[in-house]
Amino acid sequence: MFDSFVIVDWSAANQPKTGRDSIWICAVDRDGVERLVENPQTRHSAKNLLRELLSDATARGERVLLGFDFPFGYPAGFAQRLGLNHAPAWRAVWDEIAERLKDAENNSNDRFTVAAEFNRRVSNRAFPFWGCPVRFTDDFLGPKHHNGHAADGLAEKRLIDRWMVGAQPCWKLAYTGSVGSQSLTGIPVVRALRDDPRWAQRARIWPFETGLAVPDAAQIVFAEVWPSWWRRDIRGDYGPPNDKAQVRTVARIFASADGTGALPMWFGGDPDLTAEQRRIIETEEAWTLGVTAPRVRSTVPKPALHPPSAPPRAPSPAVRERDLCGRAARFRASSLWPYRRDSVYFATTRRYRPGDRSGSG
């Protein structure tokens, strides 16, 4: 299907950054052979690098699949709540984000201000986006989760996020797993790459412009991926950091799936999706390429570390008397706690050890 596979680990950093928690890009050919592994310092340089890569690939007549590790869509109803009533809903949201967000060449950006304004338009309060630095203050964006999804009518997670155990909500803008900030800064880049006039007629966003189907007519296909879906397959020797290992591993996974004939099935999503679910996915929420069934949390209880081989026997009268005496002694000692402060006493009652700051008092 494809001649080249590009996997992008995104970052919403506010300043140039390399290494861990920064942008990593890996491209492999159909045989899984690496063509490049790059760690651009900024989103601006990443966009330029991807443009060059696409320019070279199209000049060679190659088909390219590009996977980005952030949500391409939001829970159903977001566009309407923003007052964006023109179809398709996904494109209306993408255009609005791209128009509002200011993202400088040095990575300085105003994503929290944009999210606060979206909250004002959606709910006139700090909903649905949440999470921001302490220094950022706005009546319409708070640092903590608002827990308002049930009452305010916008789901916390998309259908695909519920399918994938561990996926973070796209409203989360700060702290570990803040994919919301990655979407706000990443969607304008994917939009600009898709609309580049040199290949716009041959580029498609899956599944928004292709449906949950194989994009046969497209030379360039952009898709949402989640490297943690294959977390057990991530090769540690492809890093460090883990971000680098992820893009290198997942790029090869896609190339291998194409080679074995499994990749076309991945574009279909879950075959058990209802017609209404497919409509929502294809018009608003998007899907994650490679997920064909929900991942279910294990409900099997973990075995005891040392399971008893036989029911415990009742303690003997002597043992019971010893235990009762010990409890009484400990109770009398603990009742003296506010008045006894010599370190020997603390040491013998395990209330204190020299250098220990964890005790009370």
Worksheet item: Among L65, L54, which is the only one that is more than 19 Å from the chain's Cα centre (by Cα), closer than 25 Å to R198 by Cβ and not in a strand (DSSP E or B)?
Response: L54
Item to complete: Determine whether R162 is in contact (Cβ under 8 Å) with a residue 60 or more places away in the chain and over 22 Å from I97 (Cα atoms).
Response: yes
Practice prompt. Hey, could you check segment 16-40 for residues that are out of contact with any strand residue (DSSP E or B) (no Cβ under 6 Å at 6 or more places or on another chain) and surrounded by 18 or more Cβ atoms within 10 Å (Cβ to Cβ) and say which is farthest from D110 (Cα to Cα)?
Written response: P40
Worksheet item: How many residues does segment 206-242 hold that are farther than 17 Å from A255 by Cβ, part of a helix (DSSP H, G or I) and of a type in the set (D, E)?
Response: 1
Response to the item:
Just one listed residue, out of D243, D237, D258, is at pLDDT 95 or above, assigned by TED's automatic domain parsing to the domain that holds E34 and either farther than 19 Å from P207 by Cα or basic (K, R) (or both), and it is D243
Item to complete: Go through segment 68-81 residue by residue and tally those that are surrounded by 18 or more Cβ atoms within 10 Å (Cβ to Cβ) and in a loop (DSSP other than H, G, I, E, B).
Response: 8
Item to complete: Please specify each residue of segment 8-25 satisfying the condition of being among the aliphatic types (A, V, I, L, M) and either over 15 Å from K244 (Cα atoms) or not assigned by TED's automatic domain parsing to the domain that holds A46 (or both).
Response: A12, A13
Discussion item. Condition first: within 24 Å of A262 (Cβ to Cβ) and within 25 Å of the chain's Cα centre (by Cα). Now tell me which residues in segment 1-24 satisfy that.
Written reply: S4, F5, V6, I7, V8, D9
Practice prompt. Please enumerate the residues belonging to segment 168-205 that are part of a loop (DSSP other than H, G, I, E, B) and over 24 Å from L154 (Cβ atoms).
Written response: D195, D196, P197, R198, W199
Discussion item. Checking the conditions here, which among R162, R191 is out of contact with any His (no Cβ under 8 Å at 6 or more places or on another chain), surrounded by fewer than 21 Cβ atoms within 10 Å (Cβ to Cβ) and closer than 26 Å to D56 by Cα?
Written reply: R191
Worksheet entry | Residue check, E224 acidic (D, E) and within 16 Å of Y74 (Cβ to Cβ) | yes
Fill in: Count of residues meeting criterion [within 16 Å of E282 (Cβ to Cβ), among the aromatic types (F, W, Y) and out of contact with any helix residue (DSSP H, G or I) (no Cβ under 7 Å at 6 or more places or on another chain)] in segment 171-220
1
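Is it true that A150 is within 29 Å of T292 (Cα to Cα), small (G, A, S), in contact with a helix residue (DSSP H, G or I) (Cβ under 7 Å, 6 or more places away or on another chain) and not in a strand (DSSP E or B)?
Against the criterion (within 29 Å of T292 (Cα to Cα), small (G, A, S), in contact with a helix residue (DSSP H, G or I) (Cβ under 7 Å, 6 or more places away or on another chain) and not in a strand (DSSP E or B)), A150 does not qualify.
The values are calculated or read from the model by the stated rules, or taken from the named source; none is laboratory data. Remember, predicted model here, so these are calculated numbers, not experimental data. Cβ: placed from backbone, ideal geometry, glycine included. Neighbour counts: every protein chain shown.
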